[in-house]
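Visitor: Once you've had a glance at the structure underneath, I'll fire off some questions.
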Amino acid sequence: MTTTFFLVRHAAHDRVGTVLCGRMPNVTLGDLGKAQARSLAERFANENVACICTSPLERAVETAEPIAACLGRPLERSESIAEIDFGAWSGRSFDDLSDDPRWHAWNSSRSTSRPPEGETMLEAQARVVHAMEQWRNLYAKRSVILVSHSDVIKAALLYHLGMPIDAYSRFEISPASISTLAVGDWGSKVLRMNEVIAA
């Protein structure tokens with residue numbers, strides 16, 4: 001009884017790589033991101049998908065909507081796959097954060113560090129893995145699309161690969177990418193990672 005998960009990172013927005021957006025509101029897709037979202041919808045057009053679920057943040061919803069429309073499926077929103085809560089760091093530029101020793105601690109040891117007023121990556125991992133188990137029970141022998149965020153997807157993949165959370169920097173999860181995971185009572189297997197969909 002296997003469930004296939006397509007873990008989709010939201011498409012590009014204009015602050016990717018410059019600002020730690022976290023859960024700040026009104027971060028929406030730019031022209032490139034909108035084109036990527038349309039390409040993602042085309043990529044999934046022939047998949048037999050039982051459920052499409054998205055992080056409630058705008059950039060994820062805007063990525064998921066064309067997929068749901070293409071497949072003729074309702075779109076569910078779930079806090080369980082929302083971005084990590086970066087607390088006081090949300091909205092700060094990466095250049096600004098580079099002077100913060102807590103930022104260096106976070107990036108050198110995700111297993112022991114917490115953003116100020118935020119959540120740990122292990123806490124984010126626990127919520128996404130728990131939610132995936134619930135979807136697995138609901139959609140056995142079927143496929144589920146989850147539209148989420150880079151670190152949340154990494155946390156899920158690390159869990160299913162049996163790797164420590166501090167290995168998060170060993171692979172890339174690009175905007176508008178798909179990582180495919182099969183999960184069953186027998187365990188789990190990563191089928192594809194960081195399949196990048198060009199706009």
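Visitor: What length, rounded to one decimal in nm, is gained on full extension from residue 73 through to residue 167, with 0.36 nm per residue of separation minus their alpha-carbon distance?
Guide: On the way: separation 94, 0.36 × 94 = 33.84 nm, distance 3.50 nm.
Extending this stretch completely gives an extra 30.3 nm.
Visitor: How high is the FRET efficiency from residue 189 to residue 99, r the C-beta distance, R0 45 Å, rounded to 0.05?
Guide: 0.60
Visitor: Once you have the alpha carbon radius of gyration of segment 103-199, what is it after dividing by 2.2 N^0.38 Å, with N set to its residue count?
Guide: It is 1.12.
Visitor: Taking only the alpha-carbon positions of segment 60-152 and ignoring solvent, what does the Debye formula give for the base-10 log of I(q)/I(0) at q = 0.14 Å⁻¹?
Guide: Those come out to -0.64, one per q.
Visitor: Still on this model: Measuring from label point to label point, each 7 Å out along Cα→Cβ, what is the residue 26 to residue 111 span in nm?
Guide: About 4.1 nm separates the two model spin labels.
Visitor: Same structure again: Between residue 196 and residue 180, what is the label-point separation in nm under the 7 Å Cα-to-beta-carbon projection?
Guide: If labels sit at residue 180 and residue 196, their model points lie 1.9 nm apart.
Visitor: With θ set to phi - 60°, apply the Karplus curve 6.51 cos²θ - 1.76 cosθ + 1.60 along segment 163-171 and write out the HN-Hα couplings as whole Hz, x wherever there is a Gly or Pro.
Guide: Per-residue couplings from phi come out as 10, x, 4, 6, 8, 4, 8, 7, 8 Hz.
Visitor: Give the Rg (one decimal place) followed by the Dmax (whole number) of segment 1-64, computed from C-alpha coordinates and expressed in Å.
Guide: 13.0, 42
Visitor: In addition: With only alpha-carbon pairs counted, each pair once and no self-pairs, how large is the Kirkwood hydrodynamic radius of segment 1-112 in angstroms?
Guide: Roughly 15.6 Å, rounded to one decimal.
Visitor: Among [x] 27, 19, 17; [y] 26, 21, 14; [z] 24, 19, 18, only one was calculated for this model; which label is it, if the read-out is semi-axes √(5λ) of the Cα gyration tensor in Å?
Guide: The value computed from this structure is option [y].
Visitor: Related question: Give or take rounding to whole Å, what are the principal axis extents of the alpha carbon atoms in segment 122-167, in descending order?
Guide: Each principal axis gives a Cα extent; for segment 122-167 these are 31, 20, 16 Å.
Visitor: Something else now. Under 16 Å Cα-Cα from residue 154, which lysines qualify once same-chain neighbours fewer than 8 residues away are excluded?
Guide: Within the straight-line limit of under 16 Å, residue 154 reaches these lysines: 189.
Visitor: Now, a different point. Taking the Cα atoms only, what angle lies between the long axis of helix 150-161 and the longest principal axis of the chain, rounded to 10 degrees?
Guide: 70
Visitor: Using only Cα atoms, tell me the angle between helix 58-71 and the longest principal axis of the chain; keep it within 0 to 90° and round to the nearest 10.
Guide: 10
Visitor: In addition: Over 14 Å apart: what share of the alpha carbon pairs of segment 160-199 falls there, rounded to a whole percent?
Guide: 56
Visitor: If ligands, DNA and RNA are left out, what is the accessible area of residue 160 with a 1.4 Å probe, given in Å² to the nearest 10?
Guide: Spelled out: residue 160, probe radius 1.4 Å, area about 30 Å².
Visitor: To continue, here is another question. For segment 114-129, what does the Karplus curve 6.51 cos²θ - 1.76 cosθ + 1.60, with θ = phi - 60°, yield as ³J(HN,Hα) per residue in whole Hz, taken in order and with x for Gly and Pro?
Guide: 9, x, x, 6, x, 10, 7, 5, 5, 5, 5, 4, 4, 6, 6, 5
Visitor: I would also like to ask the following. Given R₀ = 30 Å, FRET efficiency for residue 133-residue 65 by Cβ-Cβ distance, to 0.05?
Guide: 0.70
Visitor: Using only protein heavy atoms and a 1.4 Å probe, report how much of residue 70 is accessible, in Å² to the nearest 10.
Guide: Here the accessible area works out near 60 Å².
Visitor: Additional query: If you take the beta carbon distance between residue 88 and residue 140 as r and set R0 to 41 Å, what does 1/(1 + (r/R0)^6) give as a FRET efficiency, to the nearest 0.05?
Guide: Once the sixth-power term is evaluated, E becomes 0.50.
The values are calculated or read from the model by the stated rules, or taken from the named source; none is laboratory data. Quantities reported herein were computed from a predicted structural model and do not represent experimental measurements. Every residue, glycine as well, gets a Cβ built from its backbone with ideal geometry; the counts of neighbours run over all protein chains shown. Heavy atoms of the whole protein, side chains included, go into the accessibility calculation; ligands, DNA and RNA do not. Shrake-Rupley method; radii C 1.70, N 1.55, O 1.52, S 1.80 Å.
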